[in-house]
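Heads up, the thing below is written out as structure tokens.
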Amino acid sequence: MRIDILTLFPPMFDGPLNASIQGRAREAKLVEIHVHDIRDWSTDKHNKVDDRPFGGGPGMVMMCQPLHDAVLAVEKMDPRPAQRILLTPQGERTTQTMVETLASHERLVLIAGHYEGIDERVIEELAPLEVSIGDYVLSGGELPALVLVDAITRLIPGVLGHEDSAAEDSFSVKDGTGQPLLDTPHYTRPREWNGTEVPEVLLSGDHGAIARWRHQQRVDRTTTRRPDLRHSQPTPDSGTSSTQDV
Ligand code: ADE
């Protein structure tokens with residue numbers, strides 16, 4: 001998979017993309033990530049990329065030309081067709097299901113907006129998938145782009161070791177009706193810490209009992225912490241409209 005990120009602030013990506021799981025995935029060539037400075041495509045003699053909004057109002061608006069030319073030029077760098085994604089609080093809210101769909105693409109081009117916004121005409125022309133990482137506003141699309149890249153790359157086969165497989169994560173485990181569940185609690189040594197013992201069943205060696213206990217923990221946690229997930233519509237392929245647990 002290849003991911004291109006277009007931004008006005010490339011240094012914001014240096015640390016996160018080179019450390020930990022992201023860094024290892026890139027080194028192992030499981031994912032190719034390129035960061036591009038939109039300013040490099042400005043045709044203005046001062047490399048201008050933004051201007052004041054027509055109609056007045058605060059802040060600056062990103063201009064059409066540099067972003068448009070940047071996206072087209074970057075897409076030409078590789079023959080694989082790219083899904084364009086614009087990070088914006090006006091976009092579709094990210095879910096694990098959305099992340100799984102994006103992870104199945106061969107190529108993504110992420111656009112990190114900044115300032116008060118982007119000229120609407122270039123958004124209409126590029127027609128990206130507009131994605132929000134949540135109902136709050138950040139200063140730009142850089143951190144949301146990093147959030148998306150992290151969530152996507154950890155789903156690429158080989159990026160996580162077997163021992164921390166993504167299939168066991170919150171939202172990836174589903175109940176019998178296809179509803180996502182939060183993660184089960186985890187414990188490690190020592191068996192007793194600060195007066196609290198590890199749940200007995202985890203020490204039993206009974207894999208069936210452990211699996212049943214973990215499933216019940218997931219159901220109970222999701223019900224108490226995220227009742228919205230328990231009452232939401234089941235996924236279309238779940239085959240039933242009930243939210244019963246199995
Ligand atoms: N840019 C600013 N806030 C954002 C958000 N919540 N999601 C995606 N992009 C953003």
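List of remarks:
- Residues Arg107, Arg191, arranged from fewest to most other Cβ atoms within 10 angstrom of their Cβ, appear as Arg191, Arg107.
- Ranked Leu155, Leu203, criterion: other C-beta atoms within 10 Å, fewest first: Leu203, Leu155
- Cross-link partners of Lys174 among aspartates and glutamates, defined as those whose alpha carbon lies under 15 angstrom from its own and excluding same-chain residues fewer than eight positions apart: Glu100, Asp183, Asp220, Asp228, Asp237, Asp245.
- Rounded to 5, the percent of DSSP beta bridges in the chain classed as antiparallel: 20
- Segment 52-161: relative contact order in percent, alpha carbon pairs under 8 Å with at least 6 residues between: 34
- For segment 88-140, GluC sites (Glu not before Pro) are listed when DSSP marks them as loop and at most 11 other Cβ atoms sit within 10 Å of their Cβ; the list is Glu106.
- The length gained by stretching the chain between His207 and Phe54 to full extension, at 0.36 nm per residue less their Cα-Cα distance, is 48.6 nm.
- Rg followed by Dmax, in Å, when segment 144-230 is reduced to its Cα trace: 15.3, 43
- Proxy reagent accessibility, fewest Cβ within 10 Å first, across Tyr187, Tyr115, Tyr136: Tyr136, Tyr187, Tyr115
- Whichever lysines have a C-alpha closer than 21 Å to that of Lys29, once near sequence neighbours (fewer than 8 apart) are set aside: Lys76
- From helices alone, the chain scores -9000 deg cm²/dmol at 222 nm; the rule is -39500 (n - 2.57) for each run of n ≥ 4 DSSP H residues, then divide by the residue total.
- Between Ala19 and Arg121, the contour length at 0.36 nm per residue exceeds the alpha carbon distance by 33.1 nm.
- Here is the tail figure for the chain: Cα pairs spaced more than 33 Å apart come to 34 percent of all pairs.
- The loop-placed trypsin sites (Lys or Arg not before Pro) in segment 47-104, going by DSSP, that have at most 14 neighbouring Cβ atoms within 10 Å of their Cβ come out as Lys48, Lys76.
- Length-normalised contact order of the chain in % [C-alpha pairs under 8 Å, at least 6 apart]: 17
Each value in this text was obtained by applying a stated rule to the coordinates, not by laboratory testing. Only a predicted model underlies this, so the values are computations on that prediction, with no experimental measurement involved. Don't worry about glycine lacking a Cβ; one is built from the backbone with ideal geometry, like all the others, and counts go over all protein chains shown.
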